[in-house]
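The values are calculated or read from the model by the stated rules, or taken from the named source; none is laboratory data. From a predicted model like this one, the values you see are computed outputs, not experimental measurements. As a convention, Cβ positions derive from the backbone with ideal geometry for all residues, glycine included, and neighbour counts pool all protein chains shown.
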Amino acid sequence: MSAELLELTAAQAGEKVRAGEIKPAELFDFYRQRAASDQLGSYLWVAGEAPADSASGGPLGGVPLGVKDLFCVKGVPSAAASRILEGYKPPYTATSVERLVAAGAPVLGKTNMDEFAMGSSNENSGFGPVRNPWDTERVPGGSSGGSAAAVAAGNAPWAIGTDTGGSIRQPASLCGIVGLKPTYGAVSRYGMIAFASSLDQCGPLTRDVTDAALLFRHMIGRDCCDSTSLDYPNEVELPSAERLDGIRFGIWGLGEEGVEPGVVEACKAAIAKIEELGGAVEEIELPHAGYGLSAYYVIAPAEASANLARYDGVRYGIRSGNGDLLSMYENTRHDGFGAEVKRRIMLGTYALSSGYYDAYYGTAQRVRTKIADDFKDAFGRVDIVVTPTSPSVAFKLGERTKDPLAMYLSDYFTVPMSLAGIPAVSIPAGLSEGLPVGLQLAGPAFSEGRILDAAHALEKAIGFDGAAARG
Amino acid sequence: MIDRDQVLHVARLARLKLTDEEVERMSSELSAVLDHIENISQLDLEGVEPTTAVVELENVLRADEPRPSWPREQMLEPAPDASDEGFRVPSPGA
């Protein structure tokens with residue numbers, strides 16, 4: 001039974017629960033044990049037992065959910081993988097998690113991540129790194145590295161993460177799974193520990209596109225606790241497309257500097273599949289997308305420096321120092337934050353400081369407009385923009401930790417969509433030297449249904465097999 | 001180039017103590033990142049409106065009805081130092 005359970009997608013497992021072929025407690029316990037014995041560092045907390053009141057009859061069938069440590073879950077340690085919040089147990093649960101639990105996906109555990117979602121390798125966690133199940137000497141990507149590694153390794157049937165500049169898509173790419181960053185505003189941010197509020201969105205990390213669509217459709221909708229959340233304008237159907245006839249795909253980024261040849265090759269093979277399925281393919285220009293990274297590394301740290309001002313040793317988390325109030329603040333933040341978080345706070349504070357605000361933040365916001373306009377132009381010609389998700393496959397632990405800029409370049413292809421607020425999904429395109437390569441499909445705001453449908457047809461044609469990582 | 005004095009000034013604004021070693025490292029790392037970011041200053045952005053939010057929403061309102069708030073003891077529970085009535089902090093003037 002165990003081997004069979006492991007090979008089921010979350011949607012398939014949920015079907016079997018609803019059909020009475022699997023008991024929900026049996027399914028929960030199977031994954032609880034796998035999560036508890038995870039050797040990759042994917043989890044920071046694992047549920048003790050199956051919840052008595054789990055809505056296993058709901059549309060998600062009682063299939064347990066890995067939840068990034070960035071989400072508040074009532075009474076459960078929720079620290080965004082930061083030492084400064086060590087031991088914090090929130091009094092309430094994030095709206096997105098609450099909705100998924102109500103639909104029948106009980107919380108399996110809290111997954112590891114880069115501290116406050118700042119990173120592209122999961123090496124910035126305050127509680128140790130995560131390893132990639134395809135090669136444990138390599139990183140799983142970040143910041144939702146624990147969610148991605150757990151799903152790829154079969155230590156979670158599915159998971160949710162958050163994406164500010166690529167933090168769902170890039171780890172999904174590096175771990176050979178599917179990751180969806182929704183349209184900004186599609187899912188409530190209430191109860192997500194804030195990083196950069198104008199960019200943060202949560203979404204699913206799953207084994208296949210159907211699982212992603214299933215989770216997504218139960219996450220969306222307006223929430224009175226997040227005034228930037230919106231009523232999703234239409235029903236999100238589960239994907240069913242087998243062909244791509246009549247759909248126009250605009251390819252961007254394969255010729256950009258710094259993209260590994262193996263990544264280009266795998267993406268080209270996937271693009272050939274798009275054409276075989278009847279899709280129309282053309283190369284497009286996004287003239288300002290290459291400036292996205294610069295704009296992002298002004299906007300995100302600036303917003304983070306304001307959001308993280310609340311960690312001052314007063315209301316929650318740790319406190320350090322015995323002197324006056326100012327030195328208590330300074331010592332607490334020195335001891336509680338890791339190196340990357342300090343770097344971003346400094347960068348953001350500098351960019352917002354007197355005399356620099358317009359030169360940095362104002363300019364970056366204008367670049368953001370230009371990038372959004374580039375996408376608008378592109379979507380006048382094509383339906384879906386296709387790019388590599390990450391310029392490289394999973395890199396070795398320690399390889400980029402000494403060079404922040406090299407690490408930031410991991411987000412080159414994912415940041416433009418975040419700045420424009422549009423949805424994008426990463427699916428496995430194939431392998432390069434035994435490591436997964438991700439292909440990114442992006443569409444206009446609220447086109448999740450369409451991009452997931454196309455991704456589904458493409459996924460079937462590619463036939464990527466992730467079983468090797470589930471061992 | 002961000003020099004040592006600028007690093008210390010920004011760290012003070014951010015209420016962040018840095019060790020001497022961190023100050024040195026921050027100076028070179030921030031300079032490298034800012035050098036890269038500089039490329040956006042080459043763009044012609046004359047007349048381009050800044051994007052502050054991607055969602056086109058204005059004046060999201062709700063009915064102004066009283067609702068119960070969180071119980072005080074629950075809010076004080078995670079605090080590193082709390083009295084019965086509030087968060088206790090060191091004296092600002094100590």
Which numbered condition A:V341 misses (of (1) assigned to a helix (DSSP H, G or I); (2) in contact with a strand residue (DSSP E or B) (Cβ under 8 Å, 6 or more places away or on another chain)): (2)
Any hit, region A:311-321, residues being touching a residue at least 60 places away in the same chain (Cβ under 8 Å) and closer than 22 Å to B:I37 by Cβ: no
Helices (runs of 4 or more DSSP H) completely within region A:205-313 that count 2 or more residues being under 30 Å from A:K342 (Cβ atoms): A:292-307
Answer from B:A53, B:A63 - the residue that is of a type in the set (A, V, I, L, M), under 21 Å from the mean Cα position of the chain (by Cα), part of a loop (DSSP other than H, G, I, E, B) and within 30 Å of A:T183 (Cα to Cα): B:A53
Filter result (surrounded by fewer than 20 Cβ atoms within 10 Å (Cβ to Cβ) and closer than 16 Å to A:F379 by Cβ) within region A:234-250: A:G246, A:R248
Residue match in region A:389-403 (condition: of a type outside the set (V, I, T), within 14 Å of chain B (Cβ to nearest Cβ) and either under 20 Å from A:V298 (Cα atoms) or free of Cβ contacts under 8 Å to residues at least 24 places away in the same chain (or both)): yes
Residues of region A:318-339 satisfying the condition of being buried (at least 21 other Cβ atoms within 10 Å of the Cβ) and more than 7 Å from chain B (Cβ to nearest Cβ): A:T332, A:G336, A:F337
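Here is a yes/no grid of residues against (1) free of Cβ contacts under 8 Å to residues at least 60 places away in the same chain; (2) not acidic (D, E):
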site	(1), (2)
A:K268	yes, yes
A:G278	yes, yes
A:P287	no, yes
A:Y291	no, yes
A:Y297	no, yes
A:L326	yes, yes
A:Y329	yes, yes
A:F337	no, yes
A:E340	no, no
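Would you say A:S305 is under 15 Å from A:T363 (Cβ atoms) and either surrounded by 20 or more Cβ atoms within 10 Å (Cβ to Cβ) or at the interface with chain B (Cβ under 9 Å from one of its Cβ atoms) (or both)? Even if it seems obvious, please write down each step before you answer.
Working: under 15 Å from A:T363 (Cβ atoms): no; either surrounded by 20 or more Cβ atoms within 10 Å (Cβ to Cβ) or at the interface with chain B (Cβ under 9 Å from one of its Cβ atoms) (or both): yes.
Criteria not met by A:S305.
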Any hit, region A:374-387, residues being at pLDDT 95 or above, aromatic (F, W, Y) and buried (at least 21 other Cβ atoms within 10 Å of the Cβ): yes
Some residue of region B:21-36 being at the interface with chain A (Cβ under 8 Å from one of its Cβ atoms), more than 27 Å from A:I84 (Cα to Cα), touching a helix residue (DSSP H, G or I) at 6+ places or on another chain (Cβ under 8 Å) and in a loop (DSSP other than H, G, I, E, B): no
Contacts under 7 angstrom Cβ, first residue in region A:156-170 being more than 13 Å from A:R189 (Cβ to Cβ), partner modelled with pLDDT under 95, 6 or more apart: A:Q170/A:S410
Verdict on B:D84 being in a helix (DSSP H, G or I), among the charged types (D, E, K, R) and either more than 7 Å from chain A (Cβ to nearest Cβ) or surrounded by 11 or more Cβ atoms within 10 Å (Cβ to Cβ) (or both): no
Verdict on B:A79 being in contact with a strand residue (DSSP E or B) (Cβ under 8 Å, 6 or more places away or on another chain), facing chain A (nearest Cβ under 9 Å), over 30 Å from A:R222 (Cβ atoms) and of a type in the set (A, V, I, L, M, F, W, C): yes
